[in-house]
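Worksheet for the structure shown next.
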Amino acid sequence: MVHTTLSAPPAAPSLLHRATRLGAGLADVWADMNWIVRFTAVLGLVLVVLALAAPLIAPFDPNAQSLLSRLKPPMGLAGAKDGYLLGTDELGRDILSRCLHGLRLTLGVALLGAVIGLLLGGSLGLFAGIAGGRVDDLIMSLVDIQIAVPFTLVALLTVALLGGDLTVLIAVLGIAYWEQYARITRGEVLRLREMPFIEAARAAGASGWRIAVKHILPNLVSPLVVVFTVNISNIVLLESTLSFLGLGLRPPTATLGAMVGMGRDYLPSAPWIVAAPALLILLVTFVIQMLGDFLRDRTDVRLRER
Amino acid sequence: MLEYALARLLRMVVTMLVIVTGVFFATRLSGNAVDFIGGEGLSAADRATLVAYYGLDASWLEQYWRYLRALAEGNFGISLVERRPVSTIALERVGPSLQLLVGAVLLTLAVAVPAGTLAAVYRKSWAGSMIMGAAFLGYAIPNFVLAVLLILTLSFWLGWLPSSGNGSLAHFVMPVVALSAFYIASLTRFTRNAMLDVLSQDYLRTARAKGLAEPRVIFKHALRNALITILSVLGLQIAGLAAAGNVVIETIFAWRGIGEMLVSAALRRDYPVLQFGVIAVALAVILINTLVDLAYGAADPRVRLARS
């Protein structure tokens, strides 16, 4: 776009301007939080940083076995071995390192799955809402089938049959909840289509494409963010359930769920193998659920007075 | 109403057909079953005999047609691992799964409805916050993590309950609790919200104004009206309980039900059992969903108008 006016400040927001606006927005959100939500948000940030920095801060290679230091308890317990903060598992692998890498994998896989679901469901929903008619009918009956089929079973079957490949796992997680995005998007599009400002844009001669991108998409952001957040927690649950059952990635690569599943056999003698990853899964789902609830309540005005 | 029911039924049949087809081709895509059961040292001639014996030498389309015909006759094949008819194995497994399911549904109702009601009535005091906090925890904790924690404390440390298997009443406690925790939590939240909606209605003010005692207002006038919403949510939850929850919980507690059968069949590539399990559970879930939908449509005319 070429600006003809010279005296006015630049109309296209600079990067700095955008950054300050984003900062102000975040400050607004922070001001709306009570202390529990703030605590959860900080905790979530810590978990993300730990996951990102896992290769840098993990004291050991997560898959390096050391048969001399098998089944050592965490520091502070009798028989602990120096350097192994959270103890070791049945093959002498450092649990802290495995947990950090597991957290990284769990979060990464869940995020990718949620993004795939968002793109797939969002575009199908947008398409159904804008096109209407036959297309809408077809997409909505796909949605109905997806709702009717117990997806945990489908995921179980797919991963069991196609093998514990990273691509297979992410694809399964991506397809798992696409229909939630599709329903929300379609519903919002149908609602927005009738709004006066869309009609005004159409009257002003805007093309269908421009209306979709410039006027409808921005209004979809906040409902989709809420669904996305809650969705990540569902995906973490689905992934850790599959991994726990032994239907996730092939060993020795382990997500948190797989660590709990494998360590289950040593529960009576070495409970720490299971305790650390189980606690981490609990923290992750807790943080995401709490933030999801907060975002939903924040966008839903009707709930505010409760 | 009839038209609505027929439309629902048609959708159910289509969904089941999609599932049956998907299951059939997914199992075929993943390789020949004989290679999983035959073991390493199978000679080429023996392998060919086995392939022919199980009818796996025909084209996929022909196998699919045969499979559909057999399904229609109620013949689900023979387990590749146990060498017994799938229907015999499944019959042994249905009972334990149903016991677990009924136990979980009863526990959910018994805990969630009173807890949600109390949380709504005492929403401004610490009691309400405590209940909702507990419900939040129950909502966030994955069922297998809860199950592992329960086994750790109640079996290994305290030695109160057996850690796995089915038999006595004591075997029941942990699986049922682990299975229902999530549903208790979410139904408590639903109950609270439904009660809050009802508590702000005018007819409750009228009930109080005419001098009714508060417990009578709450239980007779408010809870009764909220119960419609609560029960329909519970109906949908049962479907989830039957599908996802059972698979995980039965595996952890070595509970010999349909869910455990499914997972071990998946791990051992026992196709006929796996196919039957997925189809049976999917059918159960879809039946429950359809029934809930029909009941809902019968109770509320707006629902069937909106969806037809």
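What follows is calculated from the coordinates using simple rules that are stated; it is not laboratory data. These figures come from a predicted structure and were not determined experimentally. When we count neighbours, we look across all protein chains shown, and the Cβ atoms used for this are built from the backbone with ideal geometry, even at glycine.
Observations, loosely collected:
- Taking all pairs of distinct alpha-carbon atoms in chain A, Kirkwood radius in angstrom: 22.2
- In loop segments of region B:141-223 as defined by DSSP, the chymotrypsin sites (Phe, Trp or Tyr not before Pro) with at most 15 further C-beta atoms inside 10 Å of their C-beta are B:160.
- For region A:1-154, Kirkwood radius (reciprocal of mean inverse C-alpha pair distance, Å): 21.3
- Evaluated at q = 0.16, 0.18, 0.21, 0.22 Å⁻¹: base-10 log I(q)/I(0), Debye formula over Cα of region B:126-199: -0.66, -0.76, -0.90, -0.95
- Inter-site label distance for residue A:250 and residue B:209 at 7 Å from Cα along Cβ, in nm: 7.4
- Viscosity 1.002 mPa s, 20 °C: Kirkwood-radius Stokes-Einstein D of region A:102-204 over Cα pairs, µm²/s: 142
- Between the exposed loop cleavage positions of chain B, defined as trypsin sites (Lys or Arg not before Pro) in a non-H, G, I, E, B DSSP state with at most 16 neighbouring beta-carbon atoms within 10 angstrom, the longest gap is B:211-308.
- Charge dipole of the protein assembly as shown (Cα centre as origin; +1 on each Lys and Arg Cβ, -1 on each Asp and Glu Cβ, all else neutral): 1520 debye, rounded to the nearest 20.
- Assigned charges on the beta-carbon of Lys, Arg, Asp, Glu; region A:157-265 dipole about Cα centre (debye): 360
- Within region B:94-307, the proportion of Cα pairs with more than 29 Å between them is 37 percent.
- Modelled label reach - residue A:138, point 7 Å along Cα→Cβ, region A:217-231 residues with backbone N closer than 17 Å: none
- Normalising the Debye intensity of the protein assembly as shown to I(0), with uniform scatterers on Cα atoms only, and taking log10 at q = 0.10 Å⁻¹ returns -1.06.
- Ignoring the sites themselves, chain A has its longest run without GluC sites (Glu not before Pro) in a DSSP loop having at most 16 other Cβ atoms within 10 Å at A:195-304.
- Label-point separation in nm, residue B:94 to residue B:72, each point 7 Å along Cα→Cβ: 2.3
- Here the label points at residue A:199 and residue B:46, each 7 Å from Cα along the C-beta direction, are separated by 7.8 nm in the simple model.
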